[in-house]
Amino acid sequence: MSDILEFLKSRRSIRKFIPNKPVDWDSVSRCIEAARHAPSSGNLQNWKFIVVLEPDLKKAVAEAALQQWWIAEAPVVIIAIAEPDRAERYYGVRGERLYSIQNCAAATLNIMLEAHSLGLGTAWVSAFDEDALKRVLSIEDFARPQAIIPLGYAAEIPPVPPKFPIEQLVYFNVWRNRIRDPASYMRDYSVVIAREIKKTKEALKGVAKKVKEKITGQENK
Ligand SMILES: Cc1cc2nc3c(=O)[nH]c(=O)nc-3n(C[C@H](O)[C@H](O)[C@H](O)COP(=O)(O)O)c2cc1C
């Protein structure tokens with residue numbers, strides 16, 4: 001897909017996978033490769049990824065994820081794990097509590113997008129009991145799992161969930177400053193002119209319709 005925006009819009013959270021359709025290592029490694037190239041604070045790359053394939057372990061992961069059993073149905077489950085101590089060394093509390101989470105979030109999304117480009121489905125799962133998940137995967141104390149990413153071929157693609165319109169999300173220059181017409185505010189005259197042309201065309205169409213109705217009305221008299 002050449003249009004990145006259309007590509008981003010077409011990704012959905014997948015929670016149902018085609019059973020017995022495995023994902024090859026090449027695809028998994030491409031997803032990890034995508035994670036490896038995500039931005040990270042000071043390029044610290046303070047993350048690790050566990051690829052879970054063992055069915056019993058996947059079930060235990062699903063249980064730790066507050067019994068989201070569908071996770072265990074994915075052929076592959078990737079766990080993104082932060083190493084906050086490394087970020088703390090360079091950036092203090094902000095590195096430990098914020099950058100580590102952000103770094104893993106960037107890597108997680110890269111995994112999901114690469115998977116999507118390969119025709120694979122994923123979901124981002126962060127509702128889990130952290131201690132339980134750490135026990136299941138023997139994760140050392142200092143490391144903190146951030147996201148569980150089940151990976152497989154989608155058996156069901158949900159419809160686009162509601163997304164807030166752009167006008168509700170954007171302020172200009174300062175907090176709460178909503179602009180009703182961003183295109184004209186940004187002096188984007190091509191948009192403004194195109195809009196005016198469209199309005200004029202519609203008005204002309206309306207006039208033409210009325211004239212036609214009048215003529216055919218007179219002819220029928
Ligand atoms: C931080 C975070 C945590 C999430 N945790 C879960 C989760 O535990 N279980 C789940 O089914 N989906 C989870 N999701 C997925 C969201 O529900 C999903 O992205 C959202 O409904 C929008 O749907 P879309 O991804 O198809 O656009 C999570 C997403 C994010 C970003």
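The values are calculated or read from the model by the stated rules, or taken from the named source; none is laboratory data. Only a predicted model underlies this, so the values are computations on that prediction, with no experimental measurement involved. Please note: Cβ atoms are built from the backbone with ideal geometry, for glycine as well, and neighbour counts cover all protein chains shown.
Counting only residues that are assigned to a helix (DSSP H, G or I) and within 14 Å of the ligand (Cβ to nearest atom), how many does segment 7-39 have?
First pass over segment 7-39, keeping only residues assigned to a helix (DSSP H, G or I): 7-10, 25-36.
This time we only want the ones that are within 14 Å of the ligand (Cβ to nearest atom), so: 7-10.
Matching residues across segment 7-39 total 4.
Given (1) closer than 24 Å to GLY119 by Cα; (2) in contact with a strand residue (DSSP E or B) (Cβ under 7 Å, 6 or more places away or on another chain); (3) not polar (S, T, N, Q), where does ILE81 come up short, assuming only one miss?
It is condition (1) that ILE81 fails.
I need every pair where a residue in segment 45-62 that is more than 18 Å from GLU140 (Cβ to Cβ) has its Cβ under 7 Å from the Cβ of a residue that is of a type in the set (A, V, I, L, M, F, W, C) and crowded, with 19+ Cβ neighbours inside 10 Å, sequence separation at least 6 or different chains.
Pairs that qualify, where the first residue is more than 18 Å from GLU140 (Cβ to Cβ) and the partner is of a type in the set (A, V, I, L, M, F, W, C) and crowded, with 19+ Cβ neighbours inside 10 Å, are LEU53/VAL76; LYS58/VAL52; LYS58/ILE71; LYS58/ALA72; LYS58/VAL77; LYS59/ALA72; ALA62/ILE71; ALA62/ALA72.
For segment 156-181, enumerate the residues that are of a type in the set (A, V, I, L, M, F, W, C) and either surrounded by fewer than 10 Cβ atoms within 10 Å (Cβ to Cβ) or within 15 Å of the ligand (Cβ to nearest atom) (or both).
ILE157, VAL160, PHE164, ILE166, LEU169, VAL174, TRP175
Name the residue, out of ILE139, ILE148, ILE111, that is under 17 Å from the mean Cα position of the chain (by Cα), more than 10 Å from the ligand (Cβ to nearest atom) and buried (at least 18 other Cβ atoms within 10 Å of the Cβ).
The unique qualifying residue is ILE111.
Taking segment 40-57, which residues are part of a helix (DSSP H, G or I) and either modelled with pLDDT under 95 or over 23 Å from the mean Cα position of the chain (by Cα) (or both)?
GLY42, PRO55, ASP56, LEU57
I'm trying to understand the selection: among the residues of segment 119-130, which are crowded, with 18+ Cβ neighbours inside 10 Å and assigned to a loop (DSSP other than H, G, I, E, B)?
Listed by number, the residues that qualify are LEU120, ALA123, PHE128.
Going by the conditions given, is ILE71 in contact with a strand residue (DSSP E or B) (Cβ under 7 Å, 6 or more places away or on another chain), aliphatic (A, V, I, L, M), within 15 Å of the ligand (Cβ to nearest atom) and part of a helix (DSSP H, G or I)?
Yes; evaluated as a whole, the condition is true for this residue.
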